[in-house]
Amino acid sequence: MIRKLLGWFSKRPETTPLPDALWQALLTTLPFLGALADDEQIRLRALTEDFLAEKEFTTAGGLLLSDEICLAIAAQGCLPILNLGLDYYRGWVGIVVYPDEFVIPRSVEDEFGVVHEYQEVASGEAWEGGPLLISWRDAQMAGAGYNVVIHEFAHKLDMLSGEPNGVPALPPEISRSAWESVLHASYADFCARVDEAEETAHETLFDPYATENPSEFFAVMSETFFETPALLRAQYPALYEQFATFYRQDPAARLLPASGLQ
């Protein structure tokens, strides 16, 4: 039923139209998608249909795959490329959905050449040239500034230009030096804010995980850019402008349904 409805194992041009009821339910559930202008919603819907026809969804941990799961992940994943195009997600096809957080084996070599192996609990993971892993429980937390789907898809955009470092494949109108200057200055400032917050036992406006490295900073701030854009614009206006130029969107200018300006 799901394969027939969404056509996730088919390839373009065999794109399957999304049922109206399923699409409208998603827009109601995720207000930052419902805030899109009518023409943007039309383009996002078409892009999502193409995405579902091109990518392959599988599950792990006993999760039963459903149309709602596939659509929610696909639509949120397509939001960052609404004005960039599906080619920005080239080079990979798989999306693995877990019911909850999952464990990833890690290994790291220390300064003495000794390899240490450990396991890390994760809510999402993006592999270079490989699949994207998502916790469905975490994906359902979207809407309040935490969005694991946008986060992992942002990593895919970062990886398109090579090793993930917070610098995606930039358009000609953005110089790499300008991007890095703004990104690194914002990153350093946020790291300082997190340090101060830890000393004073206060919470930060954004997820402290962004301090891990510039790549995670780019991914976390991409979540904020689409979910709570006014907050990002107020705290880091130069970074917001760079993101607006790269993504070719201005989410802060959108009117959220029944909730005023975002």
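Read-outs throughout are calculated quantities, based only on the coordinates presented, and are distinct from any laboratory measurement. None of the values given here were measured: they were computed from a predicted structure. Methodologically, a virtual Cβ is constructed for each residue, glycine included, from the backbone with ideal geometry; neighbour enumeration extends over all protein chains shown.
Within a Cβ distance under 15 Å of PRO131, other residues only, what is the Lys/Arg minus Asp/Glu net charge? Can you show the working numbers first?
Values: positive: LYS55, ARG90, LYS156; negative: GLU54, GLU56, GLU125, GLU128, GLU152.
Net local charge, PRO131 excluded: -2.
Arrange TYR247, TYR209 by Cβ neighbour counts within 10 Å, fewest through most, would you? Write down the numbers at each step before the final one.
Numbers: TYR247 21, TYR209 13.
Least crowded to most crowded, the residues run TYR209, TYR247.
Summed over all non-identical Cα pairs, the Kirkwood treatment of the chain gives a radius of 19.2 Å. Relative contact order for the chain: what percent, with Cα pairs under 8 Å and sequence separation of 6 or more? The value is 16 percent. Sorting HIS184, HIS155, HIS202 by the number of Cβ atoms found within 10 Å of their own Cβ, with the fewest placed first, yields HIS202, HIS184, HIS155.
Taking other Cβ atoms within 10 Å as a rough exposure proxy, SER181, SER135, SER123 sort from fewest to most as SER181, SER123, SER135.
Each Lys or Arg adds one and each Asp or Glu takes one away; over the other residues whose Cβ falls under 9 Å from the Cβ of PRO229, this sums to 0.
For PRO99, what is the net charge nearby, where nearby means another residue's Cβ is under 11 Å from its Cβ and Lys, Arg count +1, Asp, Glu -1? Spell out each step's value before the answer.
Working: positive: ARG137; negative: ASP100, GLU101, ASP138.
Charge balance near PRO99 sits at -2.
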